[in-house]
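Scroll down for the structure; my scribbles are underneath it.
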Amino acid sequence: MKIIYSKYLPFKGFRAINLFGVVFARKEHPKLSREIINHELIHTRQMLELMVIGFYVWYVAEWIIKWIIYKNRLMAYRNIGFEREAFDNDKDLDYLKFRKWYGFTSYI
């Protein structure tokens with residue numbers, strides 16, 4: 001996985017963002033933990049399962065729906081099915097070895 005350090009991406013308050021399989025990390029966080037890298041690898045797998053564009057369409061649609069429900073952008077973000085799967089399993093560095101295809105669907 002390629003990691004690019006930037007002062008613009010992701011937005012302040014976030015450490016990393018995975019865009020099309022490339023991770024952008026804030027320059028002020030020069031070393032990403034294994035858990036953050038694993039979190040982003042989980043997103044890469046999700047992207048591959050939905051042929052990338054499907055992932056982003058679903059991600060944005062679910063975020064908007066959750067934002068309407070929770071009336072809070074951060075809470076909406078944390079409750080997106082893709083994020084819930086990644087946050088729940090980012091500490092398990094073997095998760096992707098045993099994860100079933102479309103594992104995110106159990107988090108919707």
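Numbers at a glance
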read-out: Odd one out for ILE4 among (1) assigned to a loop (DSSP other than H, G, I, E, B); (2) over 20 Å from LEU93 (Cα atoms); value: (1)
read-out: Complete set of residues in the range 87-101 that are open to solvent by 90 Å² or more (accessible area, probe 1.4 Å), in a loop (DSSP other than H, G, I, E, B) and within 26 Å of LEU74 (Cβ to Cβ); value: LYS91
read-out: One residue from TYR77, TYR70 being surrounded by 12 or more Cβ atoms within 10 Å (Cβ to Cβ), under 27 Å from LYS97 (Cα atoms) and not acidic (Asp, Glu); value: TYR77
read-out: Complete set of residues in the range 48-58 that are open to solvent by less than 90 Å² (accessible area, probe 1.4 Å), in contact with a Gly (Cβ under 9 Å, 6 or more places away or on another chain) and in a helix (DSSP H, G or I); value: GLU49, TRP58
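Yes or no, residue by residue, for (1) open to solvent by less than 20 Å² (accessible area, probe 1.4 Å); (2) touching a strand residue (DSSP E or B) at 6+ places or on another chain (Cβ under 9 Å):
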{"residue": "LYS7", "(1), (2)": "no, yes"}
{"residue": "LEU19", "(1), (2)": "no, no"}
{"residue": "VAL23", "(1), (2)": "yes, yes"}
{"residue": "ILE37", "(1), (2)": "no, yes"}
{"residue": "GLU40", "(1), (2)": "yes, yes"}
{"residue": "GLN46", "(1), (2)": "yes, no"}
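The values are calculated or read from the model by the stated rules, or taken from the named source; none is laboratory data. Quick caveat, the model's predicted, so the values are computed rather than measured. Cβ atoms come from the backbone with ideal geometry, glycine included; neighbour counts cover every protein chain shown. Accessible surface is based on the protein model in full, side chains and every heavy atom, while ligands, DNA and RNA are left aside. Shrake-Rupley method; radii C 1.70, N 1.55, O 1.52, S 1.80 Å.
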